[in-house]
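Undergrad: The structure that follows is given in the form of structure tokens.
The values are calculated or read from the model by the stated rules, or taken from the named source; none is laboratory data. Computed from a predicted model, the values in this text were never measured in an experiment. Here the Cβ positions follow ideal geometry from the backbone for every residue, glycine too, while neighbour counts run over all protein chains shown. Accessible surface areas use protein heavy atoms only, side chains included; no ligands, DNA or RNA. Shrake-Rupley method; radii C 1.70, N 1.55, O 1.52, S 1.80 Å.
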Amino acid sequence: MIRTDLTNEQYHAHHALSSSDIKAAAKSLAHWKGEERKASVALDIGTGFHEMTLEPELRGRIIRGPETRRGAAWKEAKAEADKTGQLLLTQGDYDLCNAMSESALRNPTISKQVHDDDAHIEESIFVTCPVTNLELRCRPDLYNPTNGVVLDLKSTTDASPDRGGFEKHIFSFKYDL
């Protein structure tokens, strides 16, 4: 079942199992039961990249802030952004997200999928496993039931094929799961 009415926070609060749950449980049950979603620069960059690329109507939610996260200017801007539900990025991180988004959308395959009228962007999917009877959930970046495409955007600090950069990230972050 596809749910279009859930926010990202509501999706993550749902009791059905996700790949994040499986990754945490693979460490230990304590990791799984005690795991909290922690804010980080990497998560903020990922959110900015995803929203700029897949949900341009939310672009106004992302603020290009001060040059650095240090000092009073950042603290004041962060407090205001948190109060209004906006995402504050440093100037450099905002520009990076914007460049990554533009690069992704220049790819004709990605652009075609993102702009397809049948594409479901950031919608929650729930199923019951027929073997285990476990309730499962996923929230792909894009799902197009018409052509069977599932798209999950990933960013990396090393996309080099010759050194196996992105391949290493695939396995270290368990993207294959």
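Undergrad: Among the residues of segment 74-126, how many are hydroxyl-bearing (Ser, Thr, Tyr) and touching a residue at least 12 places away in the same chain (Cβ under 8 Å)? I'd like the intermediate steps shown before the answer.
TA: We begin by selecting, within segment 74-126, every residue hydroxyl-bearing (Ser, Thr, Tyr); these are 84, 90, 94, 101, 103, 109, 111, 124.
The next check asks that each one be touching a residue at least 12 places away in the same chain (Cβ under 8 Å); those that pass are 90, 94, 101, 124.
Counting residues in segment 74-126 that are hydroxyl-bearing (Ser, Thr, Tyr) and touching a residue at least 12 places away in the same chain (Cβ under 8 Å) gives 4.
Undergrad: Among the listed residues Glu35, Glu102, which satisfies the condition of being of a type in the set (D, E, K, R) and at pLDDT 90 or above?
TA: Only one candidate qualifies: Glu102.
Undergrad: If you take the residues in segment 139-168 that are free of Cβ contacts under 8 Å to residues at least 24 places away in the same chain and hydroxyl-bearing (Ser, Thr, Tyr), which one is surrounded by the most Cβ atoms within 10 Å (Cβ to Cβ)? Talk me through it step by step, then tell me what you get.
TA: Of all residues in segment 139-168, those free of Cβ contacts under 8 Å to residues at least 24 places away in the same chain come to 140, 148, 150, 152, 154, 156-168.
Checking which are hydroxyl-bearing (Ser, Thr, Tyr) leaves us with 156-157, 160.
Details: Thr156: 14, Thr157: 8, Ser160: 11.
Residue satisfying both the conditions and the ranking: Thr156.
Undergrad: Quick one: how many residues across segment 72-82 are open to solvent by 40 Å² or more (accessible area, probe 1.4 Å) and more than 22 Å from the chain's Cα centre (by Cα)?
TA: 6
Undergrad: Filter segment 1-22 down to the residues that are loosely packed, with under 11 Cβ neighbours inside 10 Å and either among the charged types (D, E, K, R) or out of contact with any strand residue (DSSP E or B) (no Cβ under 6 Å at 6 or more places or on another chain) (or both) and list them by number.
TA: Result: Thr4, Asp5, Thr7, Glu9, Ala13, His15.
Undergrad: Considering only segment 108-138, state which residues are more than 20 Å from His12 (Cβ to Cβ) and open to solvent by 60 Å² or more (accessible area, probe 1.4 Å).
TA: Pro108, Thr109, Lys112, His115, Asp117, Asp118, Pro130, Val131, Thr132, Asn133
Undergrad: Another question, then. Is it true that some residue in segment 44-65 is surrounded by 11 or more Cβ atoms within 10 Å (Cβ to Cβ), among the hydroxyl-bearing types (Ser, Thr, Tyr), in contact (Cβ under 8 Å) with a residue 24 or more places away in the chain and touching a Leu at 6+ places or on another chain (Cβ under 7 Å)?
TA: Within segment 44-65 (the criterion being surrounded by 11 or more Cβ atoms within 10 Å (Cβ to Cβ), among the hydroxyl-bearing types (Ser, Thr, Tyr), in contact (Cβ under 8 Å) with a residue 24 or more places away in the chain and touching a Leu at 6+ places or on another chain (Cβ under 7 Å)), the answer is yes, since at least one residue qualifies.
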